[in-house]
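For reference, the structure is listed below as structure tokens.
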2 protein chains.
Amino acid sequence: MNALGRHLLLELFDCELDAINNLETVKGALIEAAKRAQATIVDVVFHEFNPFGISGVVVIAESHLSIHTWPEYRYAAVDVFSCGDVLQPEIAVGYLVEQFGAGRTSVVELQRGMFINARHPVVNKGAVAVS
Amino acid sequence: MNALGRHLLLELFDCELDAINNLETVKGALIEAAKRAQATIVDVVFHEFNPFGISGVVVIAESHLSIHTWPEYRYAAVDVFSCGDVLQPEIAVGYLVEQFGAGRTSVVELQRGMFINARHPVVNKGAVAVS
């Protein structure tokens, strides 16, 4: 497919409460998922909410990984948005399903930036973070 | 629908080059979109890539807005992920389409965290960022 990005949308139900209710655990899992998928990490921001719930994003040279957790429903929404041929988003997804002990999962993949009748293949430049 | 989050995926084609190729312009547009949608901004991270392209996320108490731009294709991918009843993601989307001068757009909405046979309605807590 002639697209710039791959976007995997992951629904994680029946997660282990401890795994999705702790900021350091969630942050560590997302960072490790990015590394295992061969992503180049550019920035990491995570926040814990009161009374509970964690939101976080790992900005990568190839786009981003994000997570929002609802511990009260044992649910987490994860997005893995990537571009280029190096990053392997499936590896990140598989790792996170395991780390959060999700009992029921769904993953949907969308193509982003599709050029249907492009005269030339759309290609990603080799990105390097500068600011 | 009995879902925790609304996720709007926005494809912006034929954007104005200047609008999506400048870090401050893109960052300012995303922040203003979040404010207009009544979001509570928690964190803002933006990066410019070499030779071009901007990635950024506005983390909000209600989830996040993200953007990745490919100026060489005059394309930007925007996500507006929200929860709760206050935030109005359509307002953010409409504003960004206008700001980036997108000639061709597509928006898809997905429900995140759907509980099909829940005995009670799933409701969002009032979130307050603490860390």
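Every number here is computed from the coordinates shown, using simple stated rules; none is lab data. Just so it is clear, the model here is predicted, and its values are computed rather than measured. FYI the Cβ positions are ideal-geometry reconstructions off the backbone, even for glycines, and counts take in every protein chain you see.
Before moving on, here are some points about what is shown:
- Verdict on A:VAL58 being among the aliphatic types (A, V, I, L, M), in contact with a Pro (Cβ under 7 Å, 6 or more places away or on another chain) and crowded, with 20+ Cβ neighbours inside 10 Å: no
- Scanning segment A:60-96 for residues that are among the hydrophobic types (A, V, I, L, M, F, W, C) and touching a Cys at 6+ places or on another chain (Cβ under 8 Å) yields a single hit, A:ALA76.
- Out of A:VAL108, A:VAL86, A:VAL59, A:VAL42, sole residue that is under 11 Å from the mean Cα position of the chain (by Cα), of a type in the set (A, V, I, L, M, F, W, C) and under 27 Å from B:LEU10 (Cβ atoms): A:VAL59
- Yes/no for A:GLU72 being charged (D, E, K, R), under 21 Å from B:VAL108 (Cα atoms), in contact with a Phe, Trp or Tyr (Cβ under 8 Å, 6 or more places away or on another chain) and within 13 Å of another protein chain (Cβ to nearest Cβ): no
- For segment A:42-51, the set of residues classified as free of Cβ contacts under 8 Å to residues at least 40 places away in the same chain and either in contact with a His (Cβ under 8 Å, 6 or more places away or on another chain) or surrounded by fewer than 16 Cβ atoms within 10 Å (Cβ to Cβ) (or both) consists of A:ASP43, A:ASN50, A:PRO51, listed by residue number.
- Residue match in segment A:74-84 (condition: without any contact (Cβ under 8 Å) to a residue 12 or more places away in the chain and farther than 15 Å from A:ILE41 by Cβ): no
- When we screen B:LEU23, B:LEU4, B:LEU65, B:LEU30 for residues that are surrounded by fewer than 19 Cβ atoms within 10 Å (Cβ to Cβ) and of a type outside the set (Ser, Thr, Tyr), the only hit is B:LEU23.
- Going through (1) more than 12 Å from the chain's Cα centre (by Cα); (2) more than 11 Å from chain A (Cβ to nearest Cβ); (3) within 24 Å of A:HIS7 (Cα to Cα); (4) without any contact (Cβ under 8 Å) to a residue 12 or more places away in the chain one by one, B:PHE100 falls short only on (4).
- Test for A:LEU30: is it closer than 16 Å to A:LEU96 by Cβ, part of a strand (DSSP E or B) and more than 8 Å from chain B (Cβ to nearest Cβ): no
- Where A:LEU65 falls short, out of the listed (1) in contact with a strand residue (DSSP E or B) (Cβ under 6 Å, 6 or more places away or on another chain); (2) free of Cβ contacts under 8 Å to residues at least 40 places away in the same chain; (3) of a type in the set (A, V, I, L, M, F, W, C); (4) facing chain B (nearest Cβ under 10 Å): (4)
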